[in-house]
Each structure stands twice: as C-alpha cells, then as structure tokens.
Amino acid sequence: MSSTTIETSSGTIEPFLVSGFESSRESRNLVHQLIGQSAPNITLKPPALRRGTLELVFLHESEAVDAENAFCKPGVFHISNTDVSSLDMAFVTGTISRRLDDETHTVWFLSVGYQEVSQF
C-alpha cells in the first residue's frame, strides 16, 4: 500500500489514503486578434503551476481535525507519495472542508484546495 506524507512547518500529516486528486493548469498563451488579419498573433508562455483538490481519508476524527488545523496555518506544504511520483509537490492551501463518511460514520474525509508553488 502506498504511503502519503505531507510536511508542514509544525510536523507531518499522514492520511490513511489519498482518495482523490484533481489538478489543472491554466494556459498563459496570449492570442491577439489583429484588425484586418484573419490569423491571430500568438505569444507563447509556459503554463501555470497545478491547482486543484486533494481528498484525504482519515480513520479517526482527531486525526482529521489535527490535519484541518495544520492546513489552516499559513505556510508552504510538501506532499510526497511512495507510489505516485506525480503527486509530489510544494503547495499552499485554498478552501478546506471536512466531512464524515455517510456509510461508516467513523471515517473522515478532508478536502484541500491547493495551488502548487515553486520549490524554494
């Protein structure tokens, strides 16, 4: 089973599982429609860094609450996964939400909006 670790300024978050990961990158190319020309003028730019949502699973409420509180502190977080190298990144948080699983009533989900940042 893979292992996910999220480093914070005050410690480490280790969810039981990453149940979801969504990422998108905004193109920053510029398209200029010029008067009197059918073809646009294009300025190529590298895409923005990833942004999206992480869905983390915790088996105990206290772990989910501790993780939520850690994500609410200002700082840069570093996530790594033993099996999914594309998950590895430094990020800052956006919207954070916590919910109790409807079926088990014991498992907790933490949804973390993120914006990838350059390593520094």
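What the table shows:
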| item | result |
| --- | --- |
| Per-region count, the range 100-120, residues at pLDDT below 95 and assigned to a strand (DSSP E or B) | 0 |
| Filter result for the condition that a residue is within 14 Å of the chain's Cα centre (by Cα) and either charged (D, E, K, R) or not in a strand (DSSP E or B) (or both), over SER86, SER62, SER97, SER80 | SER86 |
| Residue ID - farthest from the chain's Cα centre (by Cα), chosen from residues in the range 100-120 that are surrounded by 11 or more Cβ atoms within 10 Å (Cβ to Cβ) and acidic (Asp, Glu) | ASP101 |
| Given (1) touching a Gly at 6+ places or on another chain (Cβ under 8 Å); (2) small (Gly, Ala, Ser); (3) surrounded by 13 or more Cβ atoms within 10 Å (Cβ to Cβ), index of the condition GLY20 fails | (1) |
| Residues (in contact (Cβ under 8 Å) with a residue 24 or more places away in the chain, of a type outside the set (Ser, Thr, Tyr) and more than 15 Å from GLY11 (Cβ to Cβ)) located in the range 65-99 | ASN81, ASP83, VAL84, LEU87, MET89, ALA90, PHE91, VAL92, GLY94, ILE96, ARG98 |
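The values are calculated or read from the model by the stated rules, or taken from the named source; none is laboratory data. This structure is a prediction, so every number in the text was calculated from the model and none was measured. Neighbour counts run over all protein chains shown; Cβ positions are idealised from the backbone, glycine included.
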